[in-house]
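The values are calculated or read from the model by the stated rules, or taken from the named source; none is laboratory data. Predicted model, so just to flag it, every value in this text is computed and none were measured. All Cβ positions, even for glycine, are placed from backbone atoms using ideal geometry, and neighbour counts span all protein chains on display.
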Amino acid sequence: MSNAISDTRPDITPSHTSDSVLAPLAVADRCDRCGAQAFVRARMSEGGELVFCGHHGREATPRLISLGAEVRDDTGLIPA
């Protein structure tokens, strides 16, 4: 089966990642800590994923990276 979705996505470079691309976050994605809209996605080296709002993502990102997680930070998309 063809993965047509990946062919239509804009070229996005996630931050703090290796060679794989973390999926963009949707409006329906909610922070695992507080339930606010998620703007940060982390994939743990063991395979699980976590999503965070901007606030909790900024708190968690340094530790997640130190644990070997891939992190996609879309906090730049938060409306001013």
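Rundown of residues vs (1) modelled with pLDDT of 90 or more; (2) within 12 Å of the chain's Cα centre (by Cα); (3) farther than 16 Å from residue 76 by Cα; (4) in a loop (DSSP other than H, G, I, E, B), yes/no style:
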{"site": "5", "(1), (2), (3), (4)": "no, no, yes, no"}
{"site": "14", "(1), (2), (3), (4)": "no, yes, no, yes"}
{"site": "18", "(1), (2), (3), (4)": "no, no, yes, yes"}
{"site": "21", "(1), (2), (3), (4)": "no, yes, yes, yes"}
{"site": "25", "(1), (2), (3), (4)": "yes, yes, no, yes"}
{"site": "28", "(1), (2), (3), (4)": "yes, no, yes, yes"}
{"site": "33", "(1), (2), (3), (4)": "yes, no, yes, yes"}
{"site": "41", "(1), (2), (3), (4)": "yes, yes, no, no"}
{"site": "45", "(1), (2), (3), (4)": "yes, no, yes, yes"}
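Under 7 Å between Cβ atoms, at least 6 apart or on separate chains: pull out the pairs that start in the stretch 66-80 with a residue that is under 15 Å from residue 37 (Cβ atoms) and end on any residue that is assigned to a helix (DSSP H, G or I) and small (Gly, Ala, Ser).
73/57; 75/54; 75/57; 78/54
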